[in-house]
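A quick write-up on the structure given underneath.
The values are calculated or read from the model by the stated rules, or taken from the named source; none is laboratory data. Small disclaimer: the values here were computed from a predicted structure and weren't measured. As a convention, Cβ positions derive from the backbone with ideal geometry for all residues, glycine included, and neighbour counts pool all protein chains shown.
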Amino acid sequence: MASVVTRTVSAIFSSESVLEVVINKLTETTVARHDISIQGPPEKMEQTFGKPYVRPDAIQKSANPPKKEHFLRDDFGWVVGFSFGIPVFICVVVAVFLIGDVRSPSDNIFYGVLGGIVGAIVGAFLAKFIKKHQIEQVRKQERAGGFVIWVTVSTDEQINEVVNILNACHAREIKVS
């Protein structure tokens, strides 16, 4: 089987919202979702660079930067949903099966509703914390200069299409390697 020569196009975007638009445009027209990577999480940045929020040009220039699959804000909604729903489910199950009498319908309803309320309160706090933490991480990286994106391409036509999309969305420091 012949191997295909791949090249990488990298660019810097100042905000996550623009980065999301670019990723959507790239996946609609040019490349598959798995061909797109963004810079790694702050924990991996700290391991590699010594601090969690690094200027994007330093990340782009490094020989082996931490990368991850892009995780967009709309993808993040299911995490927030689970962080709310799981405590509700656990509290309802605990309330009905451990506290209440399983053979009594009135106990099941009362303790089920009570467990649902307690679970909803716990889940709301957990979801709010997770969402706030993620937004804070995004803001810190935006203040550090933005986000780096890498797109793996295999043809000159793909390179031109990717570069045109990046230019149309006001990317900085577009590099083909």
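Structure notes:
- Residue in region 72-87 that is without any contact (Cβ under 8 Å) to a residue 60 or more places away in the chain, under 30 Å from ILE174 (Cβ atoms) and aromatic (Phe, Trp, Tyr) present: yes
- Going through (1) surrounded by fewer than 17 Cβ atoms within 10 Å (Cβ to Cβ); (2) in contact with an Asp or Glu (Cβ under 8 Å, 6 or more places away or on another chain) one by one, GLU142 falls short only on (1).
- Boolean, LYS67 is charged (D, E, K, R), touching a Ser or Thr at 6+ places or on another chain (Cβ under 6 Å) and at pLDDT below 85: yes
- So GLY77, is it modelled with pLDDT of 85 or more, surrounded by fewer than 15 Cβ atoms within 10 Å (Cβ to Cβ) and of a type in the set (Gly, Ala, Ser): no
- Selection count where residues are under 17 Å from the mean Cα position of the chain (by Cα) and of a type in the set (Asp, Glu), scope region 1-50: 4
- Given (1) assigned by TED's automatic domain parsing to the domain that holds VAL31; (2) surrounded by fewer than 17 Cβ atoms within 10 Å (Cβ to Cβ); (3) under 30 Å from ASN24 (Cα atoms), number of the condition GLN60 does not satisfy: (2)
- If you check SER83, SER62 for being among the polar types (S, T, N, Q) and more than 20 Å from VAL9 (Cβ to Cβ), only one passes: SER83.
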